[in-house]
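Structure record follows, encoded as structure tokens.
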């Protein structure tokens, strides 16, 4: 009942406040009987309990947060008071609430941007709900034993108690049908409008229905009176077989097949969603080969994002090929474009360092940022090499031309890199809420560009000299053959 849920909510609320503490808790809102899934979806049920916890800002940790962030933001007051990170707090609350009696299902989510949905979402297709529920329970048990996997649940969990009535042989002999039984039950428990009366210029419907006390008792179903075509009255329990079971909370379909969905969240510090999905595929992939009409599919936007990494790698190869052919047409050489494109691997060092320094994991958006970085670092090295080649066309020595190119073009290259880094720095250091998921892309772009710029100014002249030596050596060897 709603009263029982309110008492349980008070117990949960006190445990959460004991675990978090005043230095970490900013606000706590408890909803009983209703849960807000998002801004457009609201669910009502007497056994729903939802706690919305807002934590204080974390205390700065590390060199970047302590010194770089205040310097860039011009805010030198350290407002954060929370020592633990969000994931640590969530794990502590989960461990505290798992032993509370009365909680049937526990799910702890945190606000985040990026791909929607659970980290792991697996669908089992088939026709028989009991078979689907059995395979779903087996998959749930398997996921719960994996380290770093939590909040495992399936949507075919048993629902409310239901009464099923089926016409028996005696009922058929009396001339009854399943439809007549359904109409009688519907009239008794849901009511039927039999007449309308007028009251103060308003038509008021009069509905015939059993009293609330009768409708709230399961035994009243057996004593429900059924009127026979002859006018006689019999009880429902005499003309129908009545059974009681639990129904499904929800029934989903995919491609015209019933589907049970199993979802789970993962701790990225322990395991990734792709690794969990791969283990499920190895464990259950061959299970449905001998079961015609049944199968398993992997769902969820995050799974699609993982698959998109392979597509992004193919796109990167195509982009590098296009850059090479454009530079080859510009320089009318196949060697000079390689010298310019040598700057691209320089950015990988900055990408890895930036993710390590700020505590990010390499992910899909990191690859997107690196793809954008490739075009920028090529532009910096192109400025340097193109200027040196122009000087050589004017008769300069190659060493003097490269030194002069470095002296003249260093300032434009540095200004381009620094202004680009400052442009993405808000996403790197101050991204919060829905914009936080873009931070890895900005880290790849910003830190990769800074490291690549320094290495371009030092390394590109060396590679240019080596490429020129290689060109001279090949030309010298081919010249005698042509003679």
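Worth pointing out:
- Using a Förster distance of 56 Å, the FRET efficiency for residue 415-residue 138 (Cβ separation, nearest 0.05): 0.35
- Neighbour-count order for 164, 135, 202, fewest beta carbons within 10 angstrom listed first: 202, 164, 135
- Anisotropy class of the range 160-248 from Cα gyration tensor, a/c 1.5 cut: oblate
- Site pair residue 322 and residue 104 shows an inter-label distance of 5.4 nm when each label is modelled 7 Å from Cα along Cα→Cβ.
- Computed from label points 7 Å out along Cα-Cβ, the spacing between residue 256 and residue 2 is 4.4 nm.
- Take the Cα of residue 48, step 7 Å toward its Cβ, do the same at residue 173, and the gap between the two points is 5.0 nm.
- Considering only alpha-carbon pairs that sit under 8 angstrom and 6 or more positions apart, the relative contact order computed for the chain is 15 percent.
- Degrees between helix 273-284 axis and first principal axis of the chain (Cα, 0 to 90, nearest 10): 60
- Highest mean packing first, where packing is the average number of other Cβ atoms within 10 Å per residue, the peptides 440-449, 347-356 line up as 440-449, 347-356.
- Cα shape, the range 299-430, gyration tensor, a/c 1.5 rule: oblate
- For a modelled paramagnetic label at residue 92, 7 Å from Cα along Cα-to-Cβ, the residues of the range 11-29 in reach, with backbone nitrogen under 17 Å, are 13-28.
- Computed from Cα positions, the angle between helix 398-429 and the longest principal axis of the chain comes to roughly 20 degrees.
- FRET efficiency for residue 349 and residue 17, using Cβ-Cβ distance with R0 set to 60 Å, rounded to 0.05: 0.85
- Protection proxy ranking, highest mean first, for peptides 312-322, 257-267: 257-267, 312-322, where packing is the per-residue count of other beta-carbon atoms within 10 Å, averaged.
- Which labelled figure in [x] 23.8; [y] 32.4; [z] 40.2 is mean projected area of the Cα convex hull in nm², once derived from the coordinates: [z]
- Two-site FRET efficiency, residue 213 against residue 84, from Cβ-Cβ distance with R₀ of 60 Å, rounded to 0.05: 0.70
- Neighbour-count ranking [beta-carbon atoms within 10 angstrom, fewest first] of 289, 119: 289, 119
- Principal-axis tilt of helix 86-97 within the chain, Cα atoms, nearest 10 degrees: 20
Coordinate-derived values only; no laboratory data. None of these values were measured; they are calculated from a predicted model. Backbone-built Cβ (ideal geometry, glycine too); neighbour counts: all protein chains shown.
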